[in-house]
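One structure is given below, encoded as structure tokens.
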Amino acid sequence: MFKTKLECSESLAFNPGGVQEVMMMDPSKPNDILLYLNMRKGFIRIALEYGAPVVPVFIFNYDGSYDWFLSTKKFLAGLWRKLGFAPIFFTGRFGIPFFIPKPNKLHVVCGKPINIPKISNSKTSKEDIQTITDNYHAIFCQEMLSLYDRHKLDAGYDSHKVLVV
């Protein structure tokens, strides 16, 4: 699906978060907002294949939409990674499980598009592709941190909340 849309020059949005962020949540660190991006570079490789720009986007206050409970048993972590999701119990408005989020005003911010050149896999070595991927991935991560820092006070976050990549 991703490639079909990109081949037709259509825009595409996806959220690379998932089980790893859930596994890393720590109730003792309520000021940490986690993005597990350092090992997630596939979206940059796909952008390089099609010459598609990548736009950093962050949604503030999404983290307060639900209260959650997650078992911290280490043996479950491996199972959850294999399953591709972590069974997490969460409650929303009025303590109702799962469906109704707490009434939060979400604050969505978009950064400037990062133009990614089209790189031919057949004409470029794997090492060069990896280096180019790493460079654009570093730019993307830095832009996410900058975007967060520029807008966190406007979104109602206090100065103690930090984005951890």
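Being of a type in the set (K, R) and modelled with pLDDT under 85 is a property that K73 has.
Checking each residue of the stretch 112-133 against the condition of being exposed (fewer than 11 other Cβ atoms within 10 Å of the Cβ) and either in contact (Cβ under 8 Å) with a residue 60 or more places away in the chain or in contact with a Leu (Cβ under 7 Å, 6 or more places away or on another chain) (or both) gives at least one match. Evaluate the following for V108: is it within 20 Å of the chain's Cα centre (by Cα), closer than 30 Å to S159 by Cα and modelled with pLDDT of 70 or more? Yes.
The values are calculated or read from the model by the stated rules, or taken from the named source; none is laboratory data. Quick caveat: nothing in here was measured; it's all calculated off a predicted structure. When we count neighbours, we look across all protein chains shown, and the Cβ atoms used for this are built from the backbone with ideal geometry, even at glycine.
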